[in-house]
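Report on the structure given below.
The values are calculated or read from the model by the stated rules, or taken from the named source; none is laboratory data. If you're wondering where the values come from, they're calculated on a predicted model, not measured in any experiment. Note that we place each Cβ from the backbone using ideal geometry, even for glycine, and neighbour counts take in every protein chain shown.
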Amino acid sequence: MKNILNAQWIKSPKVAVDREVVFSKEFKVEKEVVSASLEATALGVYLARINGERVGDFIFSPGWTSYKHRLQVDTYDVTEMIKDKNTITLGVAPGWKASNYFGRHWGDRQLGFNELAAICALTLEYADGETEIITSGGDWKCENGKNVYSNIYNGYIYSSAYKDISPSQALVFEKDRNILIDRQGEKVVEQERLSPKEIIITPKGETVLDFGQNLTGYVEFKIKGSKGERAVISHAEVLDAEGNFYTANLRGAKAQAVFVCDGKEHIHKAEYNFYGFRYIRLENWSDEVKKENFTAIVVHSDLKRTGSFECSDERVNKLFSNIIWGQKGNFLDVPTDCPQRDERLGWTGDAQVFVKAASYNYDVERFFIKWLADLRADQTGWGTIPHVIPAVFGPDDDSSAAWADAVTICPWQIYLTYANKALIEESLESMKKYLEFIETHSRNGIWSNSWHFGDWLNLDGSSPEDCSKGTEKNLIATAYYIYSSEIYAKALALCGEDNAEVLEKREKSILAFRREYMADGRIKPEYTTQTACVLAVHFGISDDIAETAKQLNELVTECGHLKTGFVGTPYLLHALSDNGYAKTAYDLLLREEYPSWLFSVKMGATTIWEHWDSMREDGSMWDTSMNSFNHYAYGSVADWLYGDAAGIKIDESKPAFEHIVFAPLTDGRLTYVKASIETRKGLVKSEWKTENSNTEYEFTVPEGATATVILDGKSTEIGAGVHKF
């Protein structure tokens, strides 16, 4: 990024709410071009073209950042696209910047919440050594585009025959260029292409296409229609109990694609919009409906797949597939909670519970570096972390435990998976400010003076009216303070700084937790829940881990199932299997009845659900208020599949799998388990298989790494290569 800093911001002089604006400039080239590069960005999402040809494969550029602080600039090599006579265009649509409550947050005195803007620089280097720079400015033309309506939630209306009859000159305005940064995150691109599995005529007479997979993206379709006809595609995740198209869980999102025909045949797809869907419904579609005329295009951040898991139980394999699809559907520039309803926000709680699994499934280092930079930018001066990043709700007076702890948990996990010490150094100050906020809201070591989500969607006392009842919220908050303090102390030590004061405060809080919530190594009866036990065990708070783990095991076996929500579920199986209750952990994993991970699999899910019973056995729905069928948080169980079922663990003293601990836990209900992770050192792999009561193990250690194998309580040190036991 260099020449764009000399360009001018441009916007439309017209009122152009919820629609595409196109900026353009014609220019001639009279000498031989040896190099041409385009730097571009927008407040909104943009699509650049030169001579009608799309520039690059990026979609939804420049992505979603904390726009008041940071705006990414993309740089493209366009040398082969330059001709003698040229037209460069930048189409800009609202995207995240100017849709609903998104836009109201990003508005400022320089640019209103519903206004769009662009800035760019085209650098031409000639064979004679001269350089010409074409920058955005008042000499650019501005007109309304064919996307006559565009909104993140509602979708778009594309008018194929539309032509702005009164184009104008772009309006130049002053806006701080200090927010411009080189692209930091991964680009978002088109991925798989899926054909419809079936054309359905529902009991209501609706024409519905089933793509067989809940996904995030859009549909490419062939259409002709009659001139002026408005063909409508609606999107949905599920069908209802009667088999009809179901959109009530989208809440206020219309999630439609409307194509206004001109009587000519077109192959069309969205340019600025995405949807979460498995099914589409066609309305006012006069063309014959053929499966070959429709393709679902999957879109997400361009992440390298690094992890795999497989076992002898196909239900578990389907669960793992659903976890992968849940990550793909929600890792679209930011880690969103869901891709379909009128939300699609970067919830911190979801991100932190899933970050470990995410970093094994895919290479997410760059993805999280960018998102965590926005987290630090949006952190308030008094230390609180907004519930969603980028922040769109305005500054929060409070930080919810487990959600705000993304400030410590996510950087630390990225360090463990990728040995990124620089990220820890960049995060130290924000960790410190957050912990200082907690300390000012604590009483005698108990974090007791803040608002919290609690163990969100737990089964101890949740209902559609209140999803946070159950485990005492101050217990959760104090436990997470203790956990984040431990991470911060480790981070300080890693960076060569003194952590004695942090450890002292942590110890005082541990003692306070024990006094307040525990007796004789067990959670007191009035506070007893599965989640309370899980946190006391997994965060090392209990003064008798074995007794608290025993209490947890009793709670699970007595009721026969899990009752945990967003806070307890990620650590539930770990707390059990780490303390001698691997069978109970496997019982929970392999349970098919509600509530369980495999219940959704039995119900035909292709992604992870927001609720344990988003859809009930009779086909009825949990509720319409908050019911996503693509919500990856409970997919955090994948890190147990990697780390315990397959037994691939990180040695914190040698991150990025420089030293691996192989400690697989077998179970008689599985005849084999195998998993692999492509690490910074190379491929790490673990496999075990049981036949005739004999179990064989095979472990792969990459060059430059070592490992410890723990089987039946015995440790063996191994080096690079493939080792069998």
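Scanning segment 245-275 for residues that are closer than 20 Å to Ser620 by Cα, of a type outside the set (A, V, I, L, M) and either crowded, with 17+ Cβ neighbours inside 10 Å or in contact with a helix residue (DSSP H, G or I) (Cβ under 6 Å, 6 or more places away or on another chain) (or both) gives Phe245, Tyr246, Thr247, Asn249.
Taken as a whole, the condition of being in a strand (DSSP E or B) and of a type in the set (S, T, N, Q) applies to Ser234. If you check Ala121, Ala98, Ala40 for being farther than 19 Å from Gly145 by Cα and either out of contact with any Phe, Trp or Tyr (no Cβ under 9 Å at 6 or more places or on another chain) or not hydroxyl-bearing (Ser, Thr, Tyr) (or both), only one passes: Ala121.
Test Met626 against the stated conditions and say whether it is closer than 27 Å to Arg341 by Cα, in contact (Cβ under 8 Å) with a residue 12 or more places away in the chain and in contact with a strand residue (DSSP E or B) (Cβ under 7 Å, 6 or more places away or on another chain). No. Residues in segment 370-404 that are out of contact with any Leu (no Cβ under 8 Å at 6 or more places or on another chain), assigned to a helix (DSSP H, G or I) and free of Cβ contacts under 8 Å to residues at least 60 places away in the same chain: Leu375, Arg376. Looking at segment 646-667, is at least one residue among the hydroxyl-bearing types (Ser, Thr, Tyr), outside any loop (DSSP other than H, G, I, E, B) and within 19 Å of Thr584 (Cα to Cα)? There is no residue in segment 646-667 that is among the hydroxyl-bearing types (Ser, Thr, Tyr), outside any loop (DSSP other than H, G, I, E, B) and within 19 Å of Thr584 (Cα to Cα). Selection within segment 707-725: residues that are surrounded by fewer than 16 Cβ atoms within 10 Å (Cβ to Cβ) and in contact (Cβ under 8 Å) with a residue 12 or more places away in the chain. The member of this set that is nearest to Glu652 (Cα to Cα) is Thr708. Reported count of residues in segment 675-684, each being in a strand (DSSP E or B) and buried (at least 17 other Cβ atoms within 10 Å of the Cβ), is 5.
Within segment 115-156, the set of residues being in a loop (DSSP other than H, G, I, E, B) and either of a type in the set (Phe, Trp, Tyr) or free of Cβ contacts under 8 Å to residues at least 12 places away in the same chain (or both) comprises Gly129, Trp140, Tyr153.
Going by what's in this entry, would Gly252 be described as at positive phi and part of a loop (DSSP other than H, G, I, E, B)? No, not satisfied.
Conditions tested, residue by residue: (1) in the same structural domain as Tyr362 (by TED's automatic domain parsing); (2) within 21 Å of the chain's Cα centre (by Cα); (3) farther than 25 Å from Asp498 by Cβ.
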| residue | (1), (2), (3) |
| --- | --- |
| Trp403 | yes, yes, yes |
| Leu423 | yes, yes, no |
| Lys432 | yes, no, no |
| Asn449 | yes, no, yes |
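For segment 470-497, a residue qualifies if it is within 16 Å of Phe566 (Cβ to Cβ) and within 26 Å of the chain's Cα centre (by Cα), and the qualifying residues are Lys473, Ile476, Ala477, Ala479, Tyr480, Tyr483.
Yes/no per residue for (1) in a loop (DSSP other than H, G, I, E, B); (2) without any contact (Cβ under 8 Å) to a residue 24 or more places away in the chain; (3) of a type in the set (Asp, Glu):
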residue	(1), (2), (3)
Tyr158	no, no, no
Ala161	yes, no, no
Ser166	yes, yes, no
Asn178	no, yes, no
Ile181	no, no, no
Glu186	yes, no, yes
Gln191	no, no, no
Pro196	yes, no, no
Ile199	no, no, no
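Of all residues in segment 685-702, none satisfies being surrounded by fewer than 16 Cβ atoms within 10 Å (Cβ to Cβ), modelled with pLDDT of 95 or more and not in a strand (DSSP E or B). Residue check: Lys83 meets all listed conditions (1) more than 31 Å from the chain's Cα centre (by Cα); (2) free of Cβ contacts under 8 Å to residues at least 60 places away in the same chain; (3) outside any loop (DSSP other than H, G, I, E, B) but one, namely (3). Against the condition in contact with an Asp or Glu (Cβ under 7 Å, 6 or more places away or on another chain) and in contact (Cβ under 8 Å) with a residue 40 or more places away in the chain, how does Ser37 come out, does it pass? So Ser37 fits the description; yes. Note on segment 315-342: among residues that are in contact with a strand residue (DSSP E or B) (Cβ under 9 Å, 6 or more places away or on another chain) and assigned to a loop (DSSP other than H, G, I, E, B), the one that is nearest to Val45 (Cα to Cα) is Asp333. Taking strands (runs of 3 or more DSSP E) as the structural unit, those lying wholly within segment 1-74 and holding at least 2 residues that are under 16 Å from Arg183 (Cβ atoms), within 28 Å of the chain's Cα centre (by Cα) and in the same structural domain as Gly95 (by TED's automatic domain parsing) correspond to 33-43, 45-50. Of the residues in segment 513-534, at least one is touching a strand residue (DSSP E or B) at 6+ places or on another chain (Cβ under 8 Å), buried (at least 20 other Cβ atoms within 10 Å of the Cβ), over 25 Å from Tyr586 (Cα atoms) and modelled with pLDDT of 95 or more.
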